[in-house]
Each structure stands twice: as structure tokens, then as C-alpha cells.
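Scroll down for the structure; my scribbles are underneath it.
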Amino acid sequence: MKKCVLVSACLLGVPCRYDGASKPDDRVAELKENYELIPFCPEVEGGLSTPRIPCERQGGRVIRRDGANETEAYRRGASLCLSAVREKECAFAVLKEKSPSCGVNFIYDGSFTGKLIRGCGVTAELLRKNGINVYSEEDTDKIEKKQNGC
């Protein structure tokens, strides 16, 4: 029996990004050979629309480009994601790098100028705080694919 892995839905081709697009990633899709992939978009699950105005983290807050505060929607989505990981007993999560929700190693700096900084999104942060291993699509080579989910 394959173990479950929660994956940012956009990485599996679901058009749920802020721009209404997806970012399918072959490296992530290859994980289906050994794991059951569970698509999840914390931003949509938190109540945000698709498409939506871009957001970036500014300290502990998530702010839209027009200045509106979307922190609560991001926190709600992160909490629902953690619940899904626990309910499905996911082995780990693979999240979309650079996202204010799912960024694992890098996020935009909050200035809306395209500058990246070391940091993580709201969902990645919550999962890590709760002992869930989190990888980005760029880190899939660190996942032991030969485990067959065992």
C-alpha cells in the first residue's frame, strides 16, 4: 500500500495559482510511482479566489499588492492543510517554492519587486512546526524514491 503525500495542487496541474494558471512539474509527478499524491491548495482552501491579486509575506502578515491584509485566509488554509496531512497520514508534503503559502526555502520579500529572500510560506511554516517534513518541487531529489512508500 502506497503512503500518501500532500502536494501543492498547482504542481499537479490544477489551475489554482494567483494568476489562474498551474505549474505542473514532472519531478513531482514522478512521485506517483511510489506514493499516492493528494493535491491541496491552501490559498483556495483558505477562501481565496482564482485568479486573485498577488500576495507576499511581510513579516508575520500576508499582504496583497493593493495593500489588503489576507493573513487570516492564509492561516486558515495552512490549518486546513495540516488537518488534511494528519487525516490522510501523509508521509510528507511537496509544496510550491516561492509562494507566500507554500514556499519552502525562498519567498518574495514583501516589496512586490520580484526580490527573493530565504524564508518559508505560512503553510510550510505550520507543517514544519508540527513535525511534517516539507520539500519543494526543487528538492524532490532529496526524497528517497526507492522506498516504494514504505
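Residue check: is GLU125 in a helix (DSSP H, G or I), among the acidic types (Asp, Glu) and without any contact (Cβ under 8 Å) to a residue 24 or more places away in the chain?
Criteria not met by GLU125.
Only residues that are acidic (Asp, Glu) and in contact with a helix residue (DSSP H, G or I) (Cβ under 8 Å, 6 or more places away or on another chain) were counted across the stretch 5-54, and they come to 5. Suppose the filter is under 15 Å from SER8 (Cβ atoms) and touching a Phe, Trp or Tyr at 6+ places or on another chain (Cβ under 6 Å); does ALA84 pass it? Yes; evaluated as a whole, the condition is true for this residue. Scan the stretch 89-99 and tell me whether some residue there is buried (at least 19 other Cβ atoms within 10 Å of the Cβ) and more than 20 Å from ILE143 (Cα to Cα). Checked against the condition, which is being buried (at least 19 other Cβ atoms within 10 Å of the Cβ) and more than 20 Å from ILE143 (Cα to Cα), the stretch 89-99 yields at least one hit.
Could you check the stretch 113-122 and list, in sequence order, the residues that are in contact with a Phe, Trp or Tyr (Cβ under 9 Å, 6 or more places away or on another chain) and in a loop (DSSP other than H, G, I, E, B)? Even if it seems obvious, please write down each step before you answer.
So in the stretch 113-122, the residues in contact with a Phe, Trp or Tyr (Cβ under 9 Å, 6 or more places away or on another chain) come out as 114-122.
Correct list: GLY114, LYS115, GLY119, CYS120, GLY121.
Which members of the stretch 44-71 meet the condition of being touching a strand residue (DSSP E or B) at 6+ places or on another chain (Cβ under 9 Å) and either crowded, with 16+ Cβ neighbours inside 10 Å or closer than 16 Å to THR123 by Cβ (or both)? Hits for the stretch 44-71 are LEU48, ARG52, CYS55, GLU56, ARG57, ARG61, VAL62, ILE63, ARG64, GLU70, THR71. The numbered conditions (1) more than 25 Å from PRO24 (Cβ to Cβ); (2) surrounded by fewer than 17 Cβ atoms within 10 Å (Cβ to Cβ) are all true for ASP139 except (1).
Restricting attention to helices (runs of 4 or more DSSP H) lying wholly within the stretch 1-112, give those where 3 or more residues are free of Cβ contacts under 8 Å to residues at least 60 places away in the same chain and of a type outside the set (Gly, Ala, Ser).
On the way: elements: 26-29, 42-45, 71-88.
Passing ranges, in order: 42-45, 71-88.
Each value in this text was obtained by applying a stated rule to the coordinates, not by laboratory testing. The model shown is predicted, which means the values in this text are computed figures rather than measured ones. As a convention, Cβ positions derive from the backbone with ideal geometry for all residues, glycine included, and neighbour counts pool all protein chains shown.
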